[in-house]
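The values are calculated or read from the model by the stated rules, or taken from the named source; none is laboratory data. The structure presented is a predicted model; accordingly, all values stated were derived computationally and were not measured. Positions of Cβ are generated from backbone atoms using ideal geometry, with glycine treated the same way; all protein chains shown enter the neighbour counts.
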Amino acid sequence: MHTDSASALIDWETLWAPYDESTYGAALACLEAEDVVLDIGAGDLRFARRAAKHVRRVFAVERNREVLQKAPQHLPVNLTVICADALAWDFPEGITTAVLLMRHCRHFKEYLARLRVIGCQRLITNARWGMGVECLPLTPQRPYWSAPPGWYACACGAVGFKTAPAEEIPVGSLEETVFVENCPSCLAKRVVQSRSIL
Ligand SMILES: C[S@@+](CC[C@H](N)C(=O)[O-])C[C@H]1O[C@@H](n2cnc3c(N)ncnc32)[C@H](O)[C@@H]1O
């Protein structure tokens, strides 16, 4: 039985668990035929193998060798498998789309920053909201301060609701999420970091 303190000790990010068909289906639907895909934390390659049928090339990186060994021996020729820590491994050039199906990811900000450096254009992920799948552009987004009241999702991985008096919240905005940079959570982390330097 897990107590609260025991479950707090579990490093969920390192655990292998497949997702459901609707998650994989939604992620596959975001892919385009010309894509070169990087699947981060690819597990037993069940998604990467399917993705390889739809795109030009797939790189799948997974650090757990035992999980990788569960994959079938015969893999599509356009699928390259790397057993490595994706936080330390140098991402290849030419990636157009990254896939991060990792609901408990604690390094969203690092992945996004590194994908931007290599010129990757899109990220397909369930990491920010922890449910569903979103396909987000990796181009710079508007600063939080300029976003209208309503739901936002930040490049650091935080999500939230920008409040305002009810009469200032546009009716349609409750159905939409605005992608922002430099949200209050980014600011709070920077304050903590600068305090620890002092
Ligand atoms: C919840 S599973 C999902 C696997 C796969 N994305 C899927 O949807 O079928 C997350 C996987 O990410 C892997 N993982 C977590 N952090 C990683 C890292 N830094 N480098 C490589 N793999 C990682 C774990 O070992 C685990 O297999």
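Summary table below
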item: First in region 98-123 and of a type in the set (Lys, Arg) and assigned to a loop (DSSP other than H, G, I, E, B), second anywhere and at pLDDT 95 or above and surrounded by fewer than 22 Cβ atoms within 10 Å (Cβ to Cβ), Cβ under 6 Å, 6 or more apart; result: Arg103/Asn126
item: Gly43 being at pLDDT 95 or above, near the ligand (Cβ under 9 Å from one of its atoms) and either assigned to a helix (DSSP H, G or I) or not hydroxyl-bearing (Ser, Thr, Tyr) (or both); result: yes
item: Residue within region 95-113 that is closer than 17 Å to Glu13 by Cα, touching a strand residue (DSSP E or B) at 6+ places or on another chain (Cβ under 7 Å) and surrounded by fewer than 20 Cβ atoms within 10 Å (Cβ to Cβ) present; result: no
item: Residue match in region 126-147 (condition: in a strand (DSSP E or B), in contact with a Cys (Cβ under 9 Å, 6 or more places away or on another chain), away from the ligand (no atom under 16 Å from the Cβ) and in contact (Cβ under 8 Å) with a residue 60 or more places away in the chain); result: no
item: Residues within region 104-125 that are within 11 Å of the ligand (Cβ to nearest atom) and either hydrophobic (A, V, I, L, M, F, W, C) or modelled with pLDDT of 95 or more (or both), tallied; result: 6
item: Scan of region 53-78 for residues that are away from the ligand (no atom under 14 Å from the Cβ), in contact with a strand residue (DSSP E or B) (Cβ under 8 Å, 6 or more places away or on another chain) and either hydrophobic (A, V, I, L, M, F, W, C) or part of a helix (DSSP H, G or I) (or both), ordered by number; result: Val55, Leu75
item: Meets criteria (in the same structural domain as Asp11 (by TED's automatic domain parsing), exposed (fewer than 14 other Cβ atoms within 10 Å of the Cβ) and over 21 Å from Glu32 (Cβ atoms)) for Gly130; result: yes
item: Filter result (surrounded by fewer than 11 Cβ atoms within 10 Å (Cβ to Cβ) and in contact (Cβ under 8 Å) with a residue 12 or more places away in the chain) within region 167-185; result: Glu168
item: Close pairs (9 angstrom Cβ cut-off, 6 or more residues apart or separate chains): not assigned by TED's automatic domain parsing to the domain that holds Pro92 and aromatic (Phe, Trp, Tyr) in region 49-77, assigned to a helix (DSSP H, G or I) and surrounded by 12 or more Cβ atoms within 10 Å (Cβ to Cβ) anywhere; result: none
